[in-house]
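Shown next, in structure tokens, is the structure this report addresses.
The values are calculated or read from the model by the stated rules, or taken from the named source; none is laboratory data. Note that this is a predicted model, so its numbers are computed, not measured. Cβ atoms come from the backbone with ideal geometry, glycine included; neighbour counts cover every protein chain shown.
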Amino acid sequence: MANYRISIGRFKSPDDFVVVLTNFVGGMPKTSFLSRSQKSKIFEEDELNVVIDVLRASSTIVTALASGVTEIVPIGTEEAALELKKEGYTIAGEYEGIKLPKFDIGNSPVELLKEIERSKIEKLALKTTNTTERLIEMKDALICSSLNLTAIKNTLNKKNNKNKNANIIAMGSEHGITEDLAVAFSLYANLNDGLKIKRDFLRECIFKSNTAKHLIELGYESDVEFISKIDRYNVVPVMRKGVIRRYEE
């Protein structure tokens, strides 16, 4: 039987600690505190990372692959994005929620869909405040959002039969982590305890989170509404060797 754990990938505190919450099947919960210099210990070689950044990186990635984009490259710098633009990539990015200058669109599933309506997008480069830098540090990962929660759950259930451990990572931001933890705990409780996923609870955690309030203040209420619709897509993004594509069995 596979083991599942939940990690908080980025936790804003005076000492800038990364908090790792671990619960092993058949064992007692364990909490560890890692400094930023120790953050690589979050990512174990024998585990499958499941990255959750509901508002908005995971949701932009899920929407992109569900809408015809064939590959997404997470990047850490604006310079890298501009180089990929020369190679035909559409570049999407934000800092603290606001679209970056010189980028085609922000980190927004709604903006992305409007761009796809205007012109077909096959390759996307994505830069965000928190998540893309963490993705670059990982060997591989599944990308989970409220938009594809059941699809991720079904994939992990299949991997459970192969005894593949999973590290469910709630990314969070300086504005909070409620929406990511809600999805992470819903996924964990379903996989580990067989509890039903409560969609109304998830919608409330997303729409009333501090991160959502911040995005609404910036003018992105349409993104929050879009992302609050649970299981909009049946798609599983998987990152291998730095490139995210649709998972194919």
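Values computed for the structure shown
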{"read-out": "Selection within the stretch 184-208 - of a type in the set (A, V, I, L, M, F, W, C), crowded, with 21+ Cβ neighbours inside 10 Å and within 15 Å of the chain's Cα centre (by Cα)", "value": "Ala184, Leu187, Ile206"}
{"read-out": "Meets criteria (under 14 Å from the mean Cα position of the chain (by Cα) and part of a helix (DSSP H, G or I)) for Ala212", "value": "no"}
{"read-out": "Exclusive hit being among the polar types (S, T, N, Q), more than 23 Å from Tyr4 (Cα to Cα) and outside any loop (DSSP other than H, G, I, E, B), set Ser222, Ser186", "value": "Ser222"}
{"read-out": "Matching residues, the stretch 104-131, being in contact with a strand residue (DSSP E or B) (Cβ under 8 Å, 6 or more places away or on another chain) and at pLDDT below 95", "value": "Thr129, Asn130, Thr131"}
{"read-out": "Residue within the stretch 139-161 that is of a type in the set (S, T, N, Q), surrounded by 15 or more Cβ atoms within 10 Å (Cβ to Cβ) and farther than 21 Å from Leu181 by Cα present", "value": "yes"}
{"read-out": "Residue that is nearest to the chain's Cα centre (by Cα) [pool: residues in the stretch 170-183 that are in a strand (DSSP E or B) and touching a residue at least 40 places away in the same chain (Cβ under 8 Å)]", "value": "Ala170"}
{"read-out": "Residue within the stretch 70-86 that is buried (at least 17 other Cβ atoms within 10 Å of the Cβ), of a type in the set (A, V, I, L, M, F, W, C), at pLDDT below 95 and part of a strand (DSSP E or B) present", "value": "no"}
{"read-out": "One residue from Ile177, Ile216, Ile244, Ile227 being at pLDDT below 95 and surrounded by 15 or more Cβ atoms within 10 Å (Cβ to Cβ)", "value": "Ile177"}
{"read-out": "Selected residue (only one of Leu218, Leu181 is under 22 Å from Asn49 (Cα atoms) and of a type outside the set (Asp, Glu))", "value": "Leu181"}
{"read-out": "Boolean, Lys127 is under 27 Å from Gly106 (Cβ atoms) and surrounded by fewer than 16 Cβ atoms within 10 Å (Cβ to Cβ)", "value": "no"}
{"read-out": "Test: residue in the stretch 136-145 that is under 24 Å from Gly76 (Cα atoms), of a type outside the set (Asp, Glu) and in contact with a His (Cβ under 7 Å, 6 or more places away or on another chain)", "value": "no"}
{"read-out": "Number of the exception - Gly97 against (1) more than 22 Å from Val243 (Cα to Cα); (2) buried (at least 24 other Cβ atoms within 10 Å of the Cβ)", "value": "(2)"}
{"read-out": "Residue count for the stretch 46-64, restricted to those that are part of a helix (DSSP H, G or I) and either of a type outside the set (A, V, I, L, M) or surrounded by fewer than 24 Cβ atoms within 10 Å (Cβ to Cβ) (or both)", "value": "4"}
{"read-out": "Flag for Thr211 being buried (at least 22 other Cβ atoms within 10 Å of the Cβ) and either touching a helix residue (DSSP H, G or I) at 6+ places or on another chain (Cβ under 7 Å) or modelled with pLDDT of 95 or more (or both)", "value": "yes"}
